[in-house]
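Q: Have a look at this one before I ask anything.
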Amino acid sequence: MKLIITEKRSVAEEFAKALEISSNRKNGYIESNEWIITWCQGHLVTMSYPEAYDEKLKSWTLDTLPFLPKEYKYEIIPGSTARQFEIIKGLLQREDVTEIYNAGDSGREGEYIQRLVFMMANPNPKAKYRRVWIDSQTEEEIQRGIREAKDMSEYDSLSDSAYLRAKEDYL
């Protein structure tokens, strides 16, 4: 099976249309004999608030500043977002998933959203990771993006940039 993860449900539906998948809609994903398509609903994972490091940091005072974590903590955003994360996590961990396509929005933020999910979900280690990079959501562009998907490691610098930007914003 090949798993595609988009940033939004509407984009997942466009991918399903481009791949001519019209049936097998499940709770939080679409599945065919070859493909599984799911979506993130935007951000599913966030950096933890300072009080997750130390309860004293719940209230900002001059005594607790500056706060510079040595290691950053992350958590799943609660609510319906957490339910969708659990669906994606289960799909990422399936033994029959041999390829995982990061089809998040093209750009640093889209890369960051997907990489956080992968970091928190512990995907099937045997799967190959690919990055779909498209400029529009036409059927032709989606098909081209899947066909020409590159190894996700080619986008590691973009991912590093996204993590650093988020850490800078946090600080």
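Q: Give me the extension gain from SER157 to GLU140: residue separation times 0.36 nm, minus the current Cα-Cα distance, reported in nm with one decimal.
A: Taking 0.36 nm per residue and subtracting the Cα distance, the gain is 3.4 nm.
Q: Angle, helix 156-170 long axis vs. longest principal axis of the chain, Cα atoms, 0 to 90°, nearest 10?
A: The helix 156-170 is inclined about 40 degrees to the chain.
Q: Could you tell me how many cubic angstrom of Cα convex hull volume the chain has per residue? Could the numbers behind the result be given before it?
A: On the way: hull volume 20.4 nm³, N = 171.
Spelled out: Cα convex hull of the chain, divided by residues, is 119 Å³.
Q: If you don't mind, there's one more thing I want to ask. Can you spot the lysines whose alpha carbon is less than 16 Å from LYS70's alpha carbon? Ignore those fewer than 8 places along the same chain.
A: Candidates past the 8-residue exclusion: LYS167.
Q: Can you tell me the accessible area per residue over the chain, all protein chains present, probe 1.4 angstrom, in square angstrom? Mind dumping the intermediate values first?
A: Working: 9470 Å² over 171 residues.
Ligands and nucleic acids excluded, the result is 55 Å² per residue.
Q: Let me ask something else about it. Over segment 31-171, with every protein chain in place, what whole percent of the accessible area is carbon and sulfur at 1.4 Å, could you tell me? Display every interim value, and only then the final one.
A: Numbers: 3910 of 7950 Å².
In segment 31-171, the share of accessible area belonging to carbon and sulfur is 49 percent.
Q: Modelling each spin label as a point 7 Å along the Cα-to-Cβ direction, I'd like the GLU71/ARG165 distance in nm, to one decimal.
A: Computed distance between label sites GLU71 and ARG165 equals 2.6 nm.
Q: For the chain, what is the relative contact order in percent, using Cα pairs closer than 8 Å and at least 6 residues apart in sequence? Write out the running numbers ahead of the final one.
A: Values: 262 pairs, mean separation 43.0, N = 171.
Relative contact order of the chain: 25 percent.
Q: Report the longest stretch of the chain that contains none of the chymotrypsin sites (Phe, Trp or Tyr not before Pro) sitting in a DSSP loop with at most 14 other Cβ atoms within 10 Å. Before the final figure, lay out each step's value.
A: On the way: sites that count: TRP60, PHE67, TYR72.
No qualifying site falls inside 73-171, the longest such stretch.
Q: Here is a follow-up. What nm distance separates the two modelled labels at THR98 and LYS128, each placed 7 Å from Cα along Cα→Cβ?
A: 0.9 nm
Q: Quote the convex hull volume per residue of segment 90-150, based on C-alpha atoms, as a whole number of Å³.
A: On the way: hull volume 5.3 nm³, N = 61.
Considering the Cα atoms of segment 90-150, their hull volume per residue is 87 Å³.
Q: What's the angle, to the nearest 10 degrees (0 to 90), between helix 9-18's Cα axis and the longest principal axis of the chain?
A: 20 degrees
Q: Hey, got a sec? Which GluC sites (Glu not before Pro) in segment 68-171 land in a DSSP loop and have at most 15 other Cβ atoms within 10 Å?
A: Values: sites: GLU71, GLU75, GLU86, GLU95, GLU99, GLU109, GLU111, GLU139, GLU140, GLU141, GLU148, GLU154, GLU168; in loops: GLU71, GLU95, GLU148.
Loop-located and lightly packed - GLU71, GLU95, GLU148.
Q: Still on this structure: Nearest 5 percent is fine: what portion of the DSSP beta bridges confined to the chain is antiparallel?
A: Numbers: 10 of 24 bridges.
Antiparallel bridges make up about 40 percent of those DSSP assigns within the chain.
Q: Calculate how steeply helix 108-121 sits against the longest principal axis of the alpha-carbon atoms of the chain, using the helix alpha-carbon long axis, and give the answer as 0 to 90 degrees to the nearest 10.
A: 90 degrees
The values are calculated or read from the model by the stated rules, or taken from the named source; none is laboratory data. All values reported here derive from a predicted model rather than from experimental measurement. Please note: Cβ atoms are built from the backbone with ideal geometry, for glycine as well, and neighbour counts cover all protein chains shown. The accessibility values were calculated without ligands, DNA or RNA, using every heavy atom of the protein model including side chains. Shrake-Rupley method; radii C 1.70, N 1.55, O 1.52, S 1.80 Å.
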